[in-house]
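K.L.:
I have a structure I would like to understand better, so I am pasting it below and will then ask my questions one at a time.
The values are calculated or read from the model by the stated rules, or taken from the named source; none is laboratory data. These numbers come from a predicted model, not from an experiment. Positions of Cβ are generated from backbone atoms using ideal geometry, with glycine treated the same way; all protein chains shown enter the neighbour counts. Protein only, heavy atoms only, side chains kept; ligands, DNA and RNA dropped before computing areas. Shrake-Rupley method; radii C 1.70, N 1.55, O 1.52, S 1.80 Å.
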Amino acid sequence: MDTVTDTDVLVVGAGPTGLALGVDLARRGVDALVVERGAGLFPGSRGKGMQPRTMEVFDDLGVLDAVHSAGGTYPVGMIWRDGQRVGEHQMFDPAGASEDSPYDEPWMVPQWRTQEILRDRLEELGGAVAFGREVTGVEQDTAGVTAHLASGTAVRARYLVAADGGRSAVRRALDIGMTGETVDPSPMLVADVRISGLDRDHWHVFPPADGGPHFLAVCPLAGTEDFQVVARFAEGAAVDLGADGIRKVIAERSHLAPEDVTEVRWASDFRPRAALADRFRAGRVFLAGDAAHVHSPAGGQGLNTSVQDAYNLGWKLGAVLTGGARAGLLDSYEEERRPVAAQMLDLSTGVHRGEVRRGGATRQLGLGYRESSLTVETRAAVAEGAVRAGDRAPDGTVDGVRLFDAFRGPHWTLLALGADAPDVPERVRVVRGAAHGAYGAGVFLVRPDGYVGWAGDSPDGLDGYLGRFGLGD
C-alpha cells in the first residue's frame, strides 16, 4: 500500500465545512489536503441561507464579495390557495443593520454556489481538492493518523478532520455515536427545478387545504434561474425523485401544470432529524459540520453552524502546527463547539415545529464562549450590555479604523480603548483609541475567529495569556 506522508492536516469532505477549513488553513500556511469521495462538488441547493454571523466569517476568509455577488436577499412569502394569492407572509423577523452588526439579515446563496466560491478561494491560496478519494478506514497513533482509501492507498497526516457529512465514514470508523431524535416523521423532498409561469419575487407557499402533511414551498434561488422546491409527505410515504414524480407533486399541490416544470436539475429526500455526536474529538481526529451534528433545515442553522466549526478549529490547528502553541489548545474545540451545536439543534427543531420564529437567535450573532477555558475576564466591573470576554467582537470605528478591517486576517488583534497598550508580538495587531460604545474602556484581545479572549481594565496579566498560544516573548 502506498502512503502519502507530506500533509499536516487531512480534511475529509469538500462540502462547505471542509472547504472553509481548507481556506482557513491555507491562509495560515498549514500544509493541508482536502479529499472528497465524489467526482465533483455537491450539485444541489440544500443549505441556501447565510446567517449574519457566517457573513462575518466569510468577510474574514476573503469571500464576502463573491458571496454577495452570487446571491441576494430572501423574498417575501406568498400564500396561495385554490390558485389564488391570499396574502404575503414575512418569513423572517426584521432586523436593522447597525455599526456593530453590519450584516443584518440572511443572504441566500445555493449551497453548490457557496462551495464553488470556497473552492476558488482555496485554489487562489494554493490549495486544492482531491476528488474521487473515499476514506474507508482510519488508524491513529501518538504521532499521527493514517486514512485508508477505497483505492487501496493511504494518506498520513498529523491531524484529520472529518467533514464528510451526516453519514460520516470517519465517525463510524471511530465508533463515535450520535444521540438525537426524529424531528418530523414525515419524509421531505427537496429539489432544484426550472419553472415557467411563476414569479421570482416571492417565496411561494401552498399550504394543504385540509391541514394535512402535504405542504409545498417553491423558492426562487437568488443568483440563478432555479427554484428550490420543498414538499412534505405523509408518514410512511415513498418519495419519487424522478422528474415526472416531482412534476406530479407540484401540479397536485399548486395551480401549476406538470409541463410548467421545464427541468429538474437535482433532487433528494430526507427525514428531518436532530442528532449530536457524543464526542467531537477522538485523539488526533476531529468531527466538524454534519459529521458532528445533523439539523432540520428549518431556520438555516446547519450549514452556518458547520462553517463556524471550521472557523473555530482552523486557527487552533494553525496555532499548534505553525504558531508554537501547545497541543492542549485543541481540547478547546469540543469544549466550545459542542454546546453551541446543541443549542443550534434545539433552535432548528423549534423552528421546524413552529415553536420559534426566524429572528434574532437564528442570526447567530449572540453566540459566544464565556464559559470556555480560553476566556479570561479580569475587569472589576462590566457595564450591562457591554462586551465581555467570550463574546463576539463587534464591528465599529476606532480612531478612523474599522474594526472588521483590523480583525480581517489570521492574526490576533489588541484593542486598547481608553487604556494603555502594552508591547505585544508582531503577530498581534494593535488598535488604539478612546473608549468605544459597544466595548466601553479597557484592553481587549480579540482571537483570530473574532471573539474576545481576554479583557482587562489594564494589561496586567495579558503576557501570561498570550503565552498559552505561542505568542509570548
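K.L.:
If the requirement is being within 28 Å of the chain's Cα centre (by Cα), under 13 Å from GLU377 (Cα atoms) and in contact (Cβ under 8 Å) with a residue 12 or more places away in the chain, which of these qualifies: GLY453, GLY461, GLY442? Explain how you work it out, then say what you get.
P.N.:
On the way: GLY461 fails: within 28 Å of the chain's Cα centre (by Cα); GLY442 fails: within 28 Å of the chain's Cα centre (by Cα).
Among GLY453, GLY461, GLY442, only GLY453 is within 28 Å of the chain's Cα centre (by Cα), under 13 Å from GLU377 (Cα atoms) and in contact (Cβ under 8 Å) with a residue 12 or more places away in the chain.
K.L.:
Which numbered condition in (1) within 30 Å of GLY328 (Cβ to Cβ); (2) touching a strand residue (DSSP E or B) at 6+ places or on another chain (Cβ under 7 Å) is the only one that VAL401 fails?
P.N.:
Answer for VAL401: the failing condition is (1).
K.L.:
Specify the residue that is modelled with the lowest pLDDT; the eligible residues are those in segment 43-70 that are more than 16 Å from the chain's Cα centre (by Cα) and open to solvent by 10 Å² or more (accessible area, probe 1.4 Å). Steps first, please.
P.N.:
Start the filter on segment 43-70 by keeping residues that are more than 16 Å from the chain's Cα centre (by Cα), which leaves 43-44, 65-66, 68-70.
Then drop every residue that is not open to solvent by 10 Å² or more (accessible area, probe 1.4 Å), which leaves 43, 65-66, 68-70.
Details: PRO43: 94, ASP65: 97, ALA66: 98, HIS68: 97, SER69: 97, ALA70: 97.
The residue in question is PRO43.
K.L.:
Also, quick follow-up: For segment 294-347, what are the residues that are open to solvent by less than 10 Å² (accessible area, probe 1.4 Å) and of a type in the set (Ser, Thr, Tyr)?
P.N.:
Those that are open to solvent by less than 10 Å² (accessible area, probe 1.4 Å) and of a type in the set (Ser, Thr, Tyr): SER296, THR305, SER306, SER332, TYR333.
K.L.:
For a quick check of your reading of the model, give me the residue pairs whose first member lies in segment 375-402 and is at positive phi, whose second is open to solvent by 10 Å² or more (accessible area, probe 1.4 Å) and part of a loop (DSSP other than H, G, I, E, B), with beta-carbon atoms closer than 6 Å and at least 6 apart or on different chains.
P.N.:
GLY390/GLY368; GLY390/TYR369; GLY390/ARG370; GLY390/THR375; GLY396/GLU99; GLY396/ASP100; GLY396/ALA438
K.L.:
Just one of (1) within 27 Å of GLY18 (Cβ to Cβ); (2) open to solvent by less than 30 Å² (accessible area, probe 1.4 Å); (3) modelled with pLDDT of 95 or more trips up LEU241, so point out which.
P.N.:
LEU241 satisfies all of (1) within 27 Å of GLY18 (Cβ to Cβ); (2) open to solvent by less than 30 Å² (accessible area, probe 1.4 Å); (3) modelled with pLDDT of 95 or more except (2).
K.L.:
In the list VAL264, VAL218, which residue meets the criterion of being among the β-branched types (Val, Ile, Thr) and open to solvent by 30 Å² or more (accessible area, probe 1.4 Å)?
P.N.:
VAL264
K.L.:
If you don't mind, there's one more thing I want to ask. Looking for whichever is open to solvent by less than 10 Å² (accessible area, probe 1.4 Å) and β-branched (Val, Ile, Thr) here; the options are THR73, THR114, THR136, THR142. Which one fits?
P.N.:
The match here is THR114.
K.L.:
Which residue, of ARG172, ARG167, ARG194, ARG156, is under 30 Å from ASP260 (Cβ atoms), of a type in the set (Lys, Arg) and surrounded by fewer than 19 Cβ atoms within 10 Å (Cβ to Cβ)?
P.N.:
On the way: ARG172 fails: under 30 Å from ASP260 (Cβ atoms); ARG167 fails: under 30 Å from ASP260 (Cβ atoms); ARG156 fails: under 30 Å from ASP260 (Cβ atoms).
Every option except ARG194 fails the conditions.
K.L.:
Right, next: Tell me, yes or no, whether segment 362-371 has at least one residue that is part of a loop (DSSP other than H, G, I, E, B), modelled with pLDDT under 95, of a type outside the set (A, V, I, L, M) and at positive phi.
P.N.:
yes
K.L.:
Pairs please, first residue from segment 29-45 and among the aliphatic types (A, V, I, L, M), second anywhere and surrounded by 15 or more Cβ atoms within 10 Å (Cβ to Cβ) and part of a loop (DSSP other than H, G, I, E, B), Cβ atoms under 6 Å, 6+ apart in sequence or on different chains.
P.N.:
Taking only residues 6 or more apart or on different chains, the pairs are VAL34/ALA14; VAL35/ARG133.
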